[in-house]
1. Over the heavy atoms of residue B:141, what accessible area does a 1.4 Å probe trace out, to the nearest 10 Å²?
2. Hey, if we sort A:209, A:140 by accessible area with the 1.4 Å probe, largest down, what's the order?
3. With a ≥ b ≥ c the root eigenvalues of the C-alpha gyration tensor of chain B, is it rounded (a/c under 1.5), prolate (a/b larger than b/c) or oblate?
4. By how many nm would the segment from residue A:70 to residue A:11 grow when fully extended, if each residue of separation counts as 0.36 nm and the alpha-carbon distance is taken off?
5. Just tell me, in residue order, which DSSP H segments of chain B are both 15 angstrom or longer along the helix axis (alpha-carbon based) and at least 0.5 in mean Kyte-Doolittle hydropathy.
6. Quick one: ranking B:131, A:19 by accessible area, 1.4 Å probe, largest first, what do you get?
7. So, counting K/R as plus one and D/E as minus one, what does the shell of residues with Cβ under 12 Å around residue A:93 add up to?
8. Please list, short to long, the whole-number percent of alpha-carbon pairs of the protein assembly as shown in consecutive 10 angstrom bins beginning at zero.
Amino acid sequence: MKRFFLHLSLSLLLFGGLWFGLSQINWIGILGLDVLTQKTEQKLEDLLWDAIQDSEEICSDTEANEALQSMWTRICEANQLDSSSVKVHLVNNDEINAFALPGGHILIHSGLVQTLESPEELAGVLGHEVAHVQLNHISKKLAKEVGVSILLSAAGGGSAAGEAIKEILSQLSSSAYDRSLEKEADLKSVKYLKNAGINPSSMVGVMEKLESEVQSDLPSWLGSHPDLSERKEYLKKATENIELTEKPLLDSTAWEGLQTACD
Amino acid sequence: MISKPAFPYRPEEYETEKASNAYLMSLVVVIVGLPFPIINLIATWGYYMGQRKSSYFVRWHCLQALLSQISIVLINAFALGWTWSIILTDRSLSNAYLAYMAVAILYNLLEFAVTIVTAIETRKGQHLSWWMYGPLTHLLCKPKP
């Protein structure tokens, strides 16, 4: 019995030691699996941003952009985030949407701002998109859903690059992340808002609005959108016992200005 | 890794053949066993159950072959689970994963080589006791009174 346990301990030690030792080697780099190097990522970020600037109208209203910036700065300062890591842009587009691009660009459609009822709700959306950026969800989504080959052809330029860029933008702007990533970003946003003295229960209101928008766009037999209902439920639970002293985010004039900035 | 302790008696020809087959059994199902590691264990367990009334030499080697599958099943099942989690969830490829796969492959190759050697030597009537599994088999398998 003693001999068996001695052998077992030595075997486990050898296995664990070998595993730990080999883990210290940069296999990802040696095997060339880190094809999306920083240089490639930077090029992709630039190409996607150029494509957005060509296809979308970015609102240049100074006051609206200052209002957005002040919301972003407040979230950053309260959460020790680098404010230069994210650039928030207001886009003149009636579609109710907001999404993040590689490089920390967050695009918020004017259609969404007009649908929301308060700056706190917009802060919830902003926090959610910032969480996607901070938690590196964009790269995960691109690698998984778009595929490394398309990413490389987009970054490589040439005739195929245009189509690849369109494909990437379509994936980033029109489809949701995995449920687990959406939940992670929602809960991170709750934390950001709470730290910044913004009531995170505003995010429940956002889900309700999105749910009613989705329902109105779908045939009645499809019923409610299951992902939004699920998100609304866990957000309710996550925000129900939060007590904080709220500080106003924007005054009513600034909020109205933001809502009508792209008109 | 392998030792050659003395066995209480010299096995007969039919015993060495049956004992050797226990090791061959785990090799035959290795192709199926890689994606579904439990198959290896089931096959060797089935063979052991079929031979449990055989002679001490046969039972001893059938049990050693069966026990040796336990670690390989655990290692391969963990490798399989980790691989599936990378494919199906947002878990990403890491140096720790690749290092684990390298160790798992090494262990599989080592086990494969040792199994072949043991199958050949057992067929010749040699009594080979493996590192760790030999002492455990010795504890669990006793000659019939």
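1. Accessible area of residue B:141: about 10 Å².
2. On the way: A:209 35, A:140 70 Å².
From most exposed to least exposed: A:140, A:209.
3. Values: a/c = 2.67, a/b = 2.27, b/c = 1.18.
Judged from the Cα gyration tensor, chain B comes out prolate (a/c at least 1.5, a/b above b/c).
4. Values: separation 59, 0.36 × 59 = 21.24 nm, distance 5.88 nm.
Using 0.36 nm per residue and subtracting the Cα-Cα distance, I get 15.4 nm.
5. Working: long enough: B:13-28 (22 Å, -0.34); B:38-50 (18 Å, 0.96); B:56-88 (47 Å, 1.26); B:95-123 (42 Å, 1.11).
Membrane-span-like by this rule: B:38-50, B:56-88, B:95-123.
6. B:131, A:19
7. Numbers: positive: none; negative: A:56, A:57, A:94, A:95.
In short, -4.
8. It works out to 4, 17, 20, 15, 12, 12, 10, 6, 2, 0, in whole percents.
The values are calculated or read from the model by the stated rules, or taken from the named source; none is laboratory data. Keep in mind it's a predicted model, so treat the numbers as computed, not measured. Every residue, glycine among them, receives a Cβ derived from its backbone with ideal geometry; neighbour counts consider all protein chains shown. Protein only, heavy atoms only, side chains kept; ligands, DNA and RNA dropped before computing areas. Shrake-Rupley method; radii C 1.70, N 1.55, O 1.52, S 1.80 Å.
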